Structures are given as structure tokens and as C-alpha cells.
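Since the structure comes first, as C-alpha cells, the remarks are kept for the end.
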Amino acid sequence: YIEIQGVDELQTKAEAQLVEYNQDPPGGKRMDLVLFLYALEHLARVARTILFPGGNALNVGVGGSCRQSCSKLAAYLADYKVFQIDIRKGYGIQAWKEDLQKLLLMSGAKNDKTVFLFNDTQIKDESFVEDINCLLDTGEVPNLFPPDQKATIAEDVRAAARQAGQEGDG
């Protein structure tokens with residue numbers, strides 16, 4: 001974490017990071033952004049939020065308001081991976097559950113720092129929102145993993161906690 005003393009310094013550093021991002025963009029998709037004051041403020045807010053333990057944010061805005069792009073750039077600045085579902089023809093509840101499993105295994109069991117980007121156009125079923133709500137409220141999605149897989153995941157997480165010296169009683 002580096003404290004930035006002013007808007008000019010923030011703009012210089014953010015633009016330099018954007019150039020670096022675009023040299024080898026994750027997913028192969030460049031971001032051609034104009035980092036005006038509002039975008040810089042949003043970038044700083046998102047970056048600070050995701051760096052908090054358990055940090056999450058709900059960004060509300062119309063399409064084209066740079067919320068997703070700023071979130072992707074903030075994830076890049078924090079060295080986080082970005083996970084986004086790919087809505088395609090026939091995408092339904094089963095595919096959603098599989099994507100959620102991938103996301104939770106990546107961010108939980110593998111301990112990859114991850115930003116999950118999800119927008120309103122990706123809501124193909126009301127249960128998608130319910131699952132996200134459960135995840136944010138309780139830290140889990142009911143019945144997402146079969147019991148035998150849950151036991152394996154719990155052991156993987158315990159081993160990682162033990163290795164980090166943070167083993168608990170539960």
C-alpha cells in the first residue's frame with residue numbers, strides 16, 4: 001500500500017499502471033480508458049475496498065460509466081485475478097453452480113486473491129442473486145458442494161491454515 005499525496009500523482013501512477021496493463025492485458029482485452037477525476041476516485045475506492053480482508057463492493061451505474069473497467073484495473077493494481085462468468089446460449093442454473101464452485105475453489109481452497117465481477121445482464125435466473133446474497137451474508141452457498149467434496153475442501157483449507165500458522169479449533 002502506497003500513500004498518494006495528490007490527484008496529479010494518482011493520475012500519473014494510475015496511467016502508468018494502465019499502460020502496463022495494456023502491454024499484456026489479462027484475457028487479451030485492452031482497456032482504453034480516460035482517467036478523469038471521477039474515474040480516479042472510483043479506482044481508488046475500489047482498490048482500497050478489495051484490499052480489506054473480506055472486502056467487497058456493489059458498484060451501481062449505467063453501462064459505460066467505467067465501473068467494470070476501474071474494478072478490473074483495481075484488481076490488476078492489487079495483483080488479484082478477475083473472475084467473470086461467460087453467459088452463453090443455454091447458460092442456466094447448473095452452469096452457474098459450476099462457475100460458483102470454480103470461483104470458491106479458486107478464492108477459498110487455493111487462496112487466490114480474486115475479484116468476482118458480475119453485472120445485471122448476467123442475471124439469467126433470480127437464484128443467481130440469491131446465491132450471491134447468501135455468499136455475502138454467510139460466506140457460503142447452501143448445497144453448492146456435495147458432502148464428500150466439502151470434506152476434501154475443508155482439509156485443504158485446514159492444511160493451508162496450518163502452514164500459515166493460523167489453525168483454529170473448528
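Gain in length, ASP32 to LYS110, computed as 0.36 nm per residue apart minus the alpha-carbon separation, to one decimal in nm?
Working it through step by step, the gained length comes to 24.9 nm.
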Task: Mean separation of Cα contacts under 8 Å (6+ apart) over length of the chain, as relative contact order % - done: 16 percent
Task: Degrees between helix 37-51 axis and first principal axis of the chain (Cα, 0 to 90, nearest 10) - done: 30 degrees
Open item on the list: Which order do the peptides 98-108, 9-19 come out in when sorted by mean C-beta neighbours inside 10 angstrom, highest first?
Closed with: 98-108, 9-19
TODO: Please give the calculated 222 nm ellipticity per residue for the chain, where each DSSP H segment of at least 4 residues contributes -39500 (n - 2.57) and the sum is spread over every residue; nearest 500 deg cm²/dmol?
DONE: -16000 deg cm²/dmol
Open item on the list: Please compute the contact order of the range 70-126 in relative form: average sequence separation of alpha-carbon pairs under 8 Å and at least six residues apart, divided by the residue count, as a percent.
Closed with: 48 percent
- [ ] Multiply the residue gap between GLU155 and GLU130 by 0.36 nm, knock off their C-alpha separation, and tell me the result in nm, one decimal place.
- [x] 6.3 nm
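Pop the C-beta distance of LYS13 and GLN84 into the FRET formula with R0 = 30 Å and round what comes out to the nearest 0.05.
With R0 = 30 Å, the Cβ-Cβ based efficiency is 0.75.
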Open item on the list: Quick check on the chain: what are the equivalent-ellipsoid semi-axes from the Cα gyration tensor, as sqrt(5λ), descending, whole Å?
Closed with: 31, 22, 14
Task: Accessible area in square angstrom per residue, the chain, 1.4 angstrom probe - done: 68 Å²
- [ ] Could I have the simple spin-label model distance between GLN5 and ASP148, label points 7 Å from Cα toward Cβ, reported in nm to one decimal?
- [x] 6.2 nm
Open item on the list: Can you give me the % of accessible surface on the chain that is carbon or sulfur? Probe 1.4 Å, all protein chains present, nothing else counted.
Closed with: 51 percent
Task: Computed label-point distance, nm, for sites ASP120 and ASN56 using a 7 Å Cα→Cβ extension - done: 2.0 nm
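Sort the following peptides by mean Cβ neighbour count (other Cβ atoms within 10 Å, averaged over residues), highest first: 139-146, 36-43.
Most protected by this proxy first, the peptides run 36-43, 139-146.
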TODO: Compute the long axis of helix 7-23 from its Cα atoms, compare it with the longest principal axis of the Cα atoms of the chain, and write down the angle in degrees, 0 to 90, nearest 10.
DONE: 60 degrees
Open item on the list: I'd like the orientation of helix 147-163 relative to the chain: the angle between its Cα long axis and the longest Cα principal axis, in ° from 0 to 90, rounded to 10.
Closed with: 60 degrees
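The values are calculated or read from the model by the stated rules, or taken from the named source; none is laboratory data. For clarity, every value in this text was computed on a predicted model and none was experimentally measured. Every residue, glycine as well, gets a Cβ built from its backbone with ideal geometry; the counts of neighbours run over all protein chains shown. In case anyone asks, the SASA skips ligands and DNA or RNA and just uses the protein heavy atoms, side chains included. Shrake-Rupley method; radii C 1.70, N 1.55, O 1.52, S 1.80 Å.
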